[in-house]
Amino acid sequence: MPGRPFEIEISNFELIEACWGSVVADQVVGHIQTRLRHIGLGYEQQGARHRFRITSDIRTGGPVEWDRLADLSYRLTIEPIAIASTTGTPATALHAVMTWYRDDPPRYRGPRDIQRDHGERWFAIYKSDMQIVAHAFRCAADGRMIPHWQPVCDFRDPSRVLYHEGLVRFGQDGEALTPAIIFPALERTGMATTFDWLMVRRVLEELRADPAATLGVNISASSAHLNGWWRGILAELAIRPDIASRLVVEITETEPIVHIRETIAFAQQVRAIGATVALDDFGAGYTSIRQLMDLVPALVKIDGLFLQRAVRAIQPCHSLPHLIGLIRELGGTVIIEGVETPEMADLAFVSGALWQQGYHYGSPGPVRTGRSGGQELSHVAMRAAG
């Protein structure tokens with residue numbers, strides 16, 4: 001980004017205008033103008049009204065340092081903008097998805113993408129998704145986004161935990177905002193990388209607070225690059241190896257890795273500061289064997305679907321041992337997901353998966369259980385690097 005003009009834009013502006021009209025679109029522009037002034041940034045608008053060129057630091061009158069702008073787009077994106085008074089619909093809100101103009105790789109979807117994927121239903125789907133996302137971020141702001149932890153356990157001694165994966169639950173008991181609802185909405189609205197930013201910060205807070213914890217955080221493929229907020233976090237972790245060595249970054253396969261070179265560079269930097277790279281849901285998503293070889297993850301988490309098919313009574317699938325063997329040949333340590341019964345645990349183990357995760361070992365909960373395997377994790381990472 002340094003060397004380019006500091007131009008930030010409302011990347012979903014056309015979608016906002018199409019769904020809610022020009023009055024709401026003007027309200028969103030006014031909100032961003034107010035927020036930029038509030039945080040002390042001078043700006044100009046030239047041509048497109050949804051684009052802002054950052055010109056100065058209002059407090060000093062001088063130029064703005066890039067370090068101060070690195071996470072600006074995410075700080076603006078995360079704020080719900082209430083539009084109930086404008087639309088007449090109670091509790092309605094939306095988000096201005098802010099990105100650096102002409103940034104690469106792109107991290108948002110446009111009207112043509114939405115229409116291509118959903119046809120005539122795109123209008124209703126986008127409006128519904130935006131309300132889901134806005135509610136989720138309100139939960140986060142109100143302290144109602146609760147981290148839950150699920151252990152990755154040693155089959156031979158389930159009290160021995162490699163690390164705890166950070167999951168999230170929203171709202172109070174009885175609310176319908178489940179991960180199965182929120183995460184697709186985040187992807188479709190272009191908000192996944194902003195949510196990842198929020199979750200990474202939360203997991204790092206947990207690592208600082210608990211020196212015995214070894215924790216994993218899931219990020220989407222759209223967040224696995226160095227063009228945004230990760231640079232600052234990696235710089236911080238570089239001087240805190242005690243924290244970095246206890247962090248597992250899981251790249252999930254819910255969407256394709258479009259910019260593989262940027263993702264490879266990201267994985268290299270994560271390893272360089274001493275953290276561990278994992279590839280999540282392998283086999284059920286988009287990642288190919290070639291990409292697995294390029295990313296060199298220390299941990300590969302095989303989707304539980306393979307285990308479910310292996311234990312079914314009618315026409316069981318026998319590919320699980322071969323898949324585990326291939327991953328081990330490529331240098332990765334295997335974790336099998338979706339282990340729900342003792343039968344599944346036994347089959348996963350005889351197929352070659354020592355490390356296992358699933359409801360057989362405990363439901364995700366707000367309290368972490370088991371003995372941390374931080375030292376074992378370091379050995380796993382070193383084996384992968386070597």
Charges at C-beta only: +1 for Lys and Arg, -1 for Asp and Glu. How large is the resulting dipole of the chain about its Cα centre, in Debye rounded to 20? 460 debye
Along each principal axis of its Cα atoms, how long is the stretch 176-332 end to end? Whole angstroms, biggest number first, please. 52, 40, 33
Using helices alone, I'd like the mean residue ellipticity at 222 nm for the chain: each DSSP H run of four-plus residues gives -39500 (n - 2.57), total over residue count, nearest 500. -12500 deg cm²/dmol
When a/c is below 1.5 the answer is rounded, else prolate if a/b is larger than b/c, else oblate, so apply that to the stretch 225-308 with a ≥ b ≥ c taken from the square roots of the Cα gyration tensor eigenvalues. prolate
Working out 0.36 nm times the residue gap between Ile58 and Arg208, then minus their Cα-Cα distance, what length gain in nm do you get to one decimal? 50.6 nm
Extension gain from Ile314 to Ala235, taking 0.36 nm per residue of separation minus the Cα-Cα distance: 23.2 nm
Per the rule of 0.36 nm per residue minus the C-alpha distance, extending Glu14 to Arg49 adds in nm 11.5 nm
In whole Hz, the Karplus estimates of ³J(HN,Hα) for the stretch 322-339 (6.51, -1.76, 1.60; θ = phi - 60°; x where Gly or Pro) are 5, 5, 4, x, 4, 5, 5, 5, 7, x, x, 8, 8, 10, 9, 9, x, 7
Rounded to the nearest 10, the angle in degrees between the Cα long axis of helix 192-209 and the longest principal axis of the Cα atoms of the chain comes to 60 degrees
Which cross-chain or sequence-distant (5 or more) residues have an amide H under 5 Å from the amide H of Thr92, H modelled 1.01 Å from N in plane? Ile83, Ala84
Considering only DSSP beta bridges with both partners in the stretch 151-261, what is the antiparallel share in %, to the nearest 5? 35 percent
With everything on Cα atoms, drop me the angle between helix 122-141 and the longest principal axis of the chain, reported from 0 to 90° to the nearest 10. 80 degrees
Exposed loop sites here are GluC sites (Glu not before Pro) in DSSP loop states with at most 15 other C-beta atoms within 10 Å. What is the longest stretch of the chain lacking them? 176-339
Given the stretch 25-157, what whole percent of its Cα pairs are spread farther than 20 Å? 60 percent
Relative to the longest principal axis of the chain, what angle (0 to 90°, nearest 10) does the C-alpha long axis of helix 179-189 take? 40 degrees
Distribution output for the stretch 117-231: share of Cα-Cα pairs per 10 Å bin in percent, first bin at 0, values 12, 38, 33, 14, 4, 0
Once all protein chains are kept in place, Val200 shows an accessible area at probe 1.4 Å, nearest 10 Å², of 0 Å²
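The values are calculated or read from the model by the stated rules, or taken from the named source; none is laboratory data. Note that the structure is a prediction, hence the values are computed from the model and not measured. Reconstructed Cβ throughout: ideal geometry from the backbone, glycine too, with neighbour counts over all protein chains shown. With ligands, DNA and RNA removed, areas are computed over all heavy atoms of the protein, side chains included. Shrake-Rupley method; radii C 1.70, N 1.55, O 1.52, S 1.80 Å.
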